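The values are calculated or read from the model by the stated rules, or taken from the named source; none is laboratory data. The structure presented is a predicted model; accordingly, all values stated were derived computationally and were not measured. All Cβ positions, glycine included, derive from the backbone under ideal geometry; neighbour counts span all protein chains shown. In case anyone asks, the SASA skips ligands and DNA or RNA and just uses the protein heavy atoms, side chains included. Shrake-Rupley method; radii C 1.70, N 1.55, O 1.52, S 1.80 Å.
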Amino acid sequence: MQLPHNPFMFAIAATIGLSAIWAAWANHDDAFALRKVAWIERRWGRNSSRTLLAVIGVLMLILAISFLTFP
């Protein structure tokens, strides 16, 4: 297996993805105080914003994995 061309980008994307999933799972209030997430929470509720945050986290993990598989 080759090393990724840019391991820094992999680390950043994986960290953001895992943090977003953790914030959605743990219902962390600081994550929901962010401007864009707070707008979604006010408009559609906490469960919708948690779901969206988890989906964004999964997409970021897919992006991180793509940095490893497609150099």
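When only residues in segment 1-45 that are in a loop (DSSP other than H, G, I, E, B) and either open to solvent by less than 80 Å² (accessible area, probe 1.4 Å) or at pLDDT 90 or above (or both) count, which is farthest from Leu68 (Cα to Cα)? Ranking the candidates gives Gly45 first. For segment 61-68, the condition of being at positive phi, over 16 Å from the mean Cα position of the chain (by Cα) and either surrounded by fewer than 17 Cβ atoms within 10 Å (Cβ to Cβ) or not in a helix (DSSP H, G or I) (or both) holds for none of the residues.
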